[in-house]
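Novice: This is the structure I have questions about; it appears just below.
Read-outs throughout are calculated quantities, based only on the coordinates presented, and are distinct from any laboratory measurement. Everything numeric here is computed off the predicted structure, so don't read it as measured data. Cβ sites come from the backbone with ideal geometry, for glycine too, and all protein chains shown count toward neighbours.
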Amino acid sequence: MKITETNLKGCFVLEPLIHRDNRGLFFESYHKKTFEKATGYPVDFVQDNISVSAKGVLRGLHFQTGDHAQAKLVQVLKGEVLDVVVDLRKESTTYGQHFKAKISSENRKTIFVPKGFAHGFVALTADVIFAYKCDAYYHKYSEAGIRYNDPDLDIDWGLPENQLVLSEKDLQLPLWKDLKI
């Protein structure tokens, strides 16, 4: 497995070694010892989540606060997404910056999103199945987010605005300048 740190300290892209033969393919999407040795981050995942999205569905930018903050390991089981991570750590040299990458069932890349980051994605193909492991349980009263089209973050989601589909809740998220964390 190839593990590469992104421009955001602590955020990594994992690329598996894929074994193919006449039966299909096999790969490890995550290996705890390999991950921890390469990143220095001990992680104990406690919850797996799956979302299914049509093309244009944008979910994000989400995070949990305080003691319920979550690190996530995200991957696409079907289709392709543009995955976006924003550094919320005020002490970080990359505070307020973002990283984005296309991840898909074809390239098999996985993104590690550490605690202290917001995360979101937009489905670039129909019928996206998106999976993520979390190291803390979902806690309704700790959920927070940032509006996807925040002018200070200036994220290009890769699709025209009129093709994006968002929940009413995500449309009401605060702007970066109004964020209280």
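Novice: For VAL128, only one of the following conditions fails: (1) closer than 27 Å to ILE181 by Cα; (2) surrounded by 19 or more Cβ atoms within 10 Å (Cβ to Cβ). What is its number?
Specialist: That leaves (1) as the condition not met.
Novice: If only one of LEU82, LEU61, LEU77, LEU88 is more than 19 Å from ILE155 (Cβ to Cβ) and not aromatic (Phe, Trp, Tyr), which one is it? Spell out the reasoning first.
Specialist: On the way: LEU82 fails: more than 19 Å from ILE155 (Cβ to Cβ); LEU61 fails: more than 19 Å from ILE155 (Cβ to Cβ); LEU88 fails: more than 19 Å from ILE155 (Cβ to Cβ).
Only one candidate passes the filter, namely LEU77.
Novice: Pick from the stretch 7-52 the residues that are small (Gly, Ala, Ser) and within 19 Å of ILE129 (Cβ to Cβ): which of them is nearest to the chain's Cα centre (by Cα)? Before you say what the answer is, go through the steps one by one.
Specialist: We begin by selecting, within the stretch 7-52, every residue small (Gly, Ala, Ser); these are 10, 24, 29, 38, 40, 51.
Checking the rest, the ones that are also within 19 Å of ILE129 (Cβ to Cβ) come to 24, 29, 51.
Values: GLY24: 27, SER29: 15, SER51: 12 Å.
Residue satisfying both the conditions and the ranking: SER51.
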